[in-house]
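The values are calculated or read from the model by the stated rules, or taken from the named source; none is laboratory data. The shown structure was predicted, so the numbers you read here are calculated from the model rather than taken from an experiment. Cβ placement follows ideal geometry from the backbone for every residue including glycine, while neighbour counts extend to all protein chains displayed.
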Amino acid sequence: MVARAKSSRSPGPGIKGRQQLAGWIFISPVVVLLGLFLFVPVLMAAWVSVSDWTGRGSPFAADVGYVGTENYSQILTGGGLATQDFGTSIRNNLYYVLFVVPLQTALSLFLAVLVSRRIMRGRGFFRTAFYFPSVTSSVAITVLWLFLFSQSGVVNKILSWFTIDGPNWFADPRGVIHVFLRAVGVESAPQALATNEFLGISWWQWVSGPSMAMSAFILMAIFTTSGTFMLLFIAGLQSIGPEIEEAAMMDRANAWRRFIHVTLPMLKPTLFTVITLGLIGTWQVFDQIYVGTQGGPAKTTLTPAYLSFNEAFNQGDWGEGAAIAFILFAIIVFFTIVQRFVLRERDTVKKPRTKRSQAVAVEVER
Amino acid sequence: MKTVRHTRGSRRLSLAAVTGTAALLLTACGGGSGFEDEGGDGGEQSSGGPITVLIGSSGDAETNAVTDAVNAWAEESGTDAKVQVAADLNQQLAQGFAGGEPADVFYLSTDQLAAYAGNGSLEPYAADLENSGEFFPALEEAFTYEDEFWCAPKDFSTLGLLINNRLWEDAGLTEDDIPTTWEELRSVAEQLTDGKTPGLAFGPEYQRVGVFFEQNGGGLVSDDGSEATVNSAENVEALTFVQDMMKDGVAAWSSDIGAGWGGEAFGKELSAMTIEGNWIAGAMENDFPDIDYQVAPLPAGPEGEATLQYTNCWGIAADSDNIEGSVELVDYLTAAEQQMAFADAFGVMPSVEPAAEEWKEAYPEMAAFIDSADFARNLPTQEGANDVIADMNAQLAGLKGGNPQQILDGVQQNMEAVVSQ
């Protein structure tokens, strides 16, 4: 409709039409590639998720039956092992997202502000140093992490200097919130939390917090991805001209206020990108788990992405594996929409008010 | 007006072109290469085509031994055959079956048997082998699904008790003290415990702690596999026995003392005893050559001697182009002398009874492992059972502070769902 309205307005219609055809021809290689390697596989996976395909031969063969939403209900409401595993993986990943996304965003912003300061010496060196973990293969870093966080590893050695008896990180399934509760005297689950359950695991297990093993992965994710997002923030910071900061200085805003009220609002598009990419990346965490723990200890590092792989390739439950992948897709879309809503432009309502309150603040200072 | 129609027309044309391309692509996928089910027409499989052997190797020694054997057979028979080492065997097998082009011969574990036999991926050939009657009965049982003997066990391993000789003597123990009952096991573990170093350590998994269940007359499923018996009184008693040893600090999970598996704990002298299989010989030789140790059969429980055994078979794909040749190859690979060659190369035990004596003579210090074959049991092989066991292992990690009855009750529910399928 839009295209038609536009083209009817513009002169030289014949050329325009031919241009459009040429346009289609030009993009056809990409359309074909995307179709072949993205669209068709997604459709196939969608079919597998509603079929009883056993993993032999074509999923479109005559003997593969349609089972409706059986695979989905098995995972979401079945109450059996499939549901428990899925619930556990969602819990694990939820804590992973909850810790990694805010921390990595804050840290990368902090680093970006640091290395963007014009007076700092050796900026280039620090930029490279902070970016380094991002360009290293995640498999290599995972292996490194396994060493660092082993029972007698470097991390525990450092902790021992402060007379802290470090846990055996990658073999410790205790959730950090549970550990904390135990430390303040809550030994066992309150009745209400122990008896009620959601997705096959009790609410007491839901509030366990990330396990020690997952905490190590959380630290690793923050360590590796902060560099990437730092680059995005640096780009965002560079697009803010020095005159804006100068103007804020003239208004006698101190450094902290300049950051909160000037820099941060102007970084909002970058912030949106970083959080979106962070959310997607953290919900899809797979390679660290595959290399590091394969879901252990006690399934506390099981994530939906790894569970999907495991169900399909190791257990032969292709339908359930595909269904988990689609549920994960829905979760990511949901969270992205939520954060889009939270970070939406509210300038029209808010801006005058903030300005006024700032003016008032300046008045008061005088 | 005219202009509008023109544009619209060309748009429609290009759209049609795109849709056409997409449709073509789809048919290309459906018709030709990977996704077609080619196994259905059957009949003329034995075209004498080349044979691919997919193995999950423990290291160079195994890879070289299998490659040599397959090459020797290929030369002898004139059929082309080559070995492929899988990085992730399960995943590569699954991919092959899904694509309709699986490897012809491959390693297959007991827990994958039910799924692949059930969906028709496997060729049930084992009963036709020349040496079909010579396999250990318990191994034949492990690869029997719905009363059919599907594939030939390639070798096997049992669990035994490994003892560190130096620590054993330091504790003032002698040859006569080697435990033969649970009480004796407990008492030697106590004597071997030194501060935070427990006398006994093994991996936090049913695959190890299960020996106590079996020794107490328990097990995860009933003998005919029709009933889940996870929370039986025998099992609870067995698990409580292990838990008590842990609470007293005389036994521990290998993971709790900073080792990846029982063998590592044992090799690093983090524990004086462990429960492991005969594969440990290779690990000790390579990683901990200075440790002097001996192998004893596991002590008997209240209900007699028992251990667990692990085995893989040579699976043959139903979709193979050369089933006849594949069976001949397996015949060659499972022959007694070839199995002894494998034993020499990478420390496995032959799956055929006639080779057992020879093996024992060649490896007298490992005799306890093959002697244990007489009372070795299999893990449940129902489809989905390994999922349940994996879940159980997840809970076993917390055994020390947990409640055995509660742990087993939870697993019982899951196992019931699996056996009632």
Out of segment A:181-206, which residues are at pLDDT 85 or above, surrounded by 11 or more Cβ atoms within 10 Å (Cβ to Cβ) and over 26 Å from A:Y72 (Cα atoms)? A:L181, A:R182
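Rundown of residues vs (1) among the small types (G, A, S); (2) within 25 Å of the chain's Cα centre (by Cα); (3) closer than 30 Å to A:G281 by Cα; (4) part of a loop (DSSP other than H, G, I, E, B), yes/no style:
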{"residue": "A:L193", "(1), (2), (3), (4)": "no, no, no, no"}
{"residue": "A:Q205", "(1), (2), (3), (4)": "no, yes, yes, no"}
{"residue": "A:A213", "(1), (2), (3), (4)": "yes, yes, yes, no"}
{"residue": "A:I218", "(1), (2), (3), (4)": "no, yes, yes, no"}
{"residue": "A:F223", "(1), (2), (3), (4)": "no, yes, yes, no"}
{"residue": "A:G227", "(1), (2), (3), (4)": "yes, yes, yes, no"}
{"residue": "A:L237", "(1), (2), (3), (4)": "no, yes, yes, no"}
{"residue": "A:E243", "(1), (2), (3), (4)": "no, no, no, no"}
{"residue": "A:A247", "(1), (2), (3), (4)": "yes, no, no, no"}
All conditions in (1) surrounded by fewer than 21 Cβ atoms within 10 Å (Cβ to Cβ); (2) assigned to a helix (DSSP H, G or I); (3) assigned by TED's automatic domain parsing to the domain that holds B:F106 are true of B:A355 except (1)
Would you call B:P364 of a type outside the set (F, W, Y), surrounded by 21 or more Cβ atoms within 10 Å (Cβ to Cβ), more than 24 Å from B:Q215 (Cβ to Cβ) and not assigned by TED's automatic domain parsing to the domain that holds B:Q294? no
Tell me whether segment B:250-264 contains one or more residues that are within 20 Å of B:A368 (Cβ to Cβ), assigned to a helix (DSSP H, G or I) and of a type outside the set (D, E, K, R). yes
Considering segment A:59-98, residues that are in a loop (DSSP other than H, G, I, E, B) and among the polar types (S, T, N, Q), and then whichever is farthest from the other protein chains (Cβ to nearest Cβ), we arrive at A:T69
Every residue in segment B:107-123 that is within 19 Å of B:T52 (Cα to Cα) and within 14 Å of chain A (Cβ to nearest Cβ), please. B:L108, B:S109, B:Y116, B:S121, B:L122, B:E123
State which residue is surrounded by the most Cβ atoms within 10 Å (Cβ to Cβ) when the search covers only segment A:27-58 and only residues that are without any contact (Cβ under 8 Å) to a residue 24 or more places away in the chain and outside any helix (DSSP H, G or I). A:R56
Any hit, segment A:92-99, residues being modelled with pLDDT of 90 or more and not assigned by TED's automatic domain parsing to the domain that holds A:Q315: no
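Per-residue answers, yes or no, for (1) of a type outside the set (K, R); (2) part of a helix (DSSP H, G or I); (3) in contact with a Gly (Cβ under 6 Å, 6 or more places away or on another chain):
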{"site": "B:S57", "(1), (2), (3)": "yes, no, no"}
{"site": "B:N64", "(1), (2), (3)": "yes, yes, no"}
{"site": "B:V70", "(1), (2), (3)": "yes, yes, no"}
{"site": "B:W73", "(1), (2), (3)": "yes, yes, no"}
{"site": "B:E76", "(1), (2), (3)": "yes, yes, no"}
{"site": "B:T79", "(1), (2), (3)": "yes, no, yes"}
{"site": "B:V83", "(1), (2), (3)": "yes, no, no"}
{"site": "B:A87", "(1), (2), (3)": "yes, no, no"}
{"site": "B:Q95", "(1), (2), (3)": "yes, yes, no"}
Which numbered condition trips up B:A126, out of (1) touching a Cys at 6+ places or on another chain (Cβ under 8 Å); (2) within 14 Å of chain A (Cβ to nearest Cβ)? (2)
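Each row is one residue, and each column tells you yes or no for (1) farther than 23 Å from A:G79 by Cα; (2) surrounded by fewer than 21 Cβ atoms within 10 Å (Cβ to Cβ); (3) at the interface with chain A (Cβ under 10 Å from one of its Cβ atoms).
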{"site": "B:I370", "(1), (2), (3)": "yes, no, no"}
{"site": "B:N378", "(1), (2), (3)": "yes, yes, no"}
{"site": "B:N386", "(1), (2), (3)": "no, no, yes"}
{"site": "B:Q406", "(1), (2), (3)": "no, yes, no"}
{"site": "B:Q413", "(1), (2), (3)": "no, yes, yes"}
What residue, among those in segment A:1-39 that are modelled with pLDDT under 90 and of a type in the set (A, V, I, L, M), is farthest from the chain's Cα centre (by Cα)? A:I15
May I ask you to say which residue of A:V262, A:V154 is β-branched (V, I, T) and within 26 Å of A:A129 (Cα to Cα)? A:V154
